[in-house]
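A.B. asks: Before I ask anything, let me first share the structure, which is written out below as structure tokens.
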Amino acid sequence: IYTWVGASKTVLISINPFKWLPLYTPQCIRDHRRPPPNAGTLEPHVFDIANRSLDSLLLNGRNQAILISGESGAGKTEATKHCLAFLAEVAGSEGAIEQQVLAATPVLEAFGNAKTVRNNNSSRLGKYMQISFNKKGKIIGGNTTKYLLEKSRIITASPDERVYHSFYLVIKGGAAKYGLGNIKQYASVNAGKCTDIPGVDDAEDFNIVNDCLQTCGVTAEETESI
């Protein structure tokens with residue numbers, strides 16, 4: 001699903017297979033970080049983009065940028081997560097900061113992603129993410145700036161689409177806790193006549209987002225407020 005453009009191997013084209021492929025295992029990360037002897041030429045991979053950026057950062061001491069672009073459904077969100085997972089695994093941190101960086105992704109997706117007719121997990125906002133490293137190459141922090149949030153989706157959605165994931169998560173995962181009724185009785189979340197995504201468990205994702213908020217240092221009181 002990956003193809004290099006040019007000999008410099010700094011531009012990678014990817015296609016979205018719309019299914020899970022065994023290309024992102026810990027062994028794959030190790031292979032693309034330090035290719036094993038006699039392994040031949042490894043296939044093009046998004047890990048190589050992240051690896052080159054990390055090497056250039058450490059060797060040259062200059063900030064690096066990875067631009068991930070494409071139309072809706074191209075796989076930008078997944079490519080971003082794979083880059084972050086690679087950096088977290090390879091660089092690590094001196095205080096589990098990399099786990100907080102990874103945990104921020106489900107939270108961002110819950111409040112900024114939605115189902116569209118083209119993509120079940122479409123980012124309805126733009127993101128500029130910064131990962132900071134110390135001189136030892138360890139992750140010491142991260143920051144995400146959002147822009148162009150699609151505010152209209154907070155209250156309405158087109159046919160066969162959903163508003164933001166967070167509404168469905170809290171209704172299905174926190175109905176008993178917060179005294180919520182059946183999801184069908186809420187107009188905004190039913191605007192697109194679509195409340196479920198095949199293969200997605202919103203109730204379980206509610207628990208995951210809560211755990212991620214805790215990992216990111218959000219207190220229980222703040223979580224309840226959110």
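The values are calculated or read from the model by the stated rules, or taken from the named source; none is laboratory data. Since the structure is predicted, the reported quantities are computational estimates derived from the model, not experimental observations. As a convention, Cβ positions derive from the backbone with ideal geometry for all residues, glycine included, and neighbour counts pool all protein chains shown. When the accessible area is computed, the model is the full protein with side chains, heavy atoms only, and any ligands, DNA or RNA have been set aside. Shrake-Rupley method; radii C 1.70, N 1.55, O 1.52, S 1.80 Å.
A.B. asks: Please go through region 67-90 and give me each residue that is out of contact with any strand residue (DSSP E or B) (no Cβ under 8 Å at 6 or more places or on another chain), assigned to a helix (DSSP H, G or I) and either open to solvent by 30 Å² or more (accessible area, probe 1.4 Å) or aliphatic (A, V, I, L, M) (or both), ordered by number.
C.D. replies: Once the filter is applied, which keeps residues that are out of contact with any strand residue (DSSP E or B) (no Cβ under 8 Å at 6 or more places or on another chain), assigned to a helix (DSSP H, G or I) and either open to solvent by 30 Å² or more (accessible area, probe 1.4 Å) or aliphatic (A, V, I, L, M) (or both), region 67-90 yields E78, K81, A85, E89, V90.
A.B. asks: Which of (1) of a type in the set (A, V, I, L, M); (2) open to solvent by 20 Å² or more (accessible area, probe 1.4 Å); (3) not in a helix (DSSP H, G or I) is the odd one out, the single condition I208 does not satisfy?
C.D. replies: Here I208 clears every test but (3).
A.B. asks: Tell me which residues, restricted to region 182-200, are part of a loop (DSSP other than H, G, I, E, B) and either of a type outside the set (G, A, S) or open to solvent by 30 Å² or more (accessible area, probe 1.4 Å) (or both). Give the steps one after another, and end with the answer.
C.D. replies: Of the residues in region 182-200, the ones part of a loop (DSSP other than H, G, I, E, B) are 182, 186-187, 191-200.
Scanning region 182-200 gives N182, Y186, A187, A191, K193, C194, T195, D196, I197, P198, G199, V200.
A.B. asks: Within region 1-36, track down each residue that is among the charged types (D, E, K, R) and more than 12 Å from G75 (Cβ to Cβ). So that I can check it myself, show each step before the final result.
C.D. replies: First, the residues of region 1-36 that are among the charged types (D, E, K, R): 9, 19, 30-31, 33-34.
Listed by number, the residues that qualify are K9, R30, D31, R33, R34.
A.B. asks: Only one of these is open to solvent by less than 90 Å² (accessible area, probe 1.4 Å) and either under 27 Å from R124 (Cα atoms) or β-branched (V, I, T) (or both): L42, L12. Name it. Break it down into steps so the answer makes sense when it comes.
C.D. replies: Values: L42 fails: either under 27 Å from R124 (Cα atoms) or β-branched (V, I, T) (or both).
Within the list L42, L12, the selection yields L12.
A.B. asks: Look through region 91-138, keep the residues that are in a strand (DSSP E or B) and more than 30 Å from E71 (Cα to Cα), and return whichever of them is least open to solvent (accessible area, probe 1.4 Å). Spell out the reasoning first.
C.D. replies: Keep residues of region 91-138 that are in a strand (DSSP E or B), which gives 93, 113-114, 122-123, 126-133.
With more than 30 Å from E71 (Cα to Cα) added as a condition, the list becomes 93, 133.
Details: S93: 26, F133: 48 Å².
Only one residue tops the list, namely S93.
A.B. asks: Test of understanding: among A203, A176, which residue is over 30 Å from L59 (Cα atoms), in a helix (DSSP H, G or I) and open to solvent by 50 Å² or more (accessible area, probe 1.4 Å)?
C.D. replies: Numbers: A203 fails: open to solvent by 50 Å² or more (accessible area, probe 1.4 Å).
Criteria check complete, one pass: A176.
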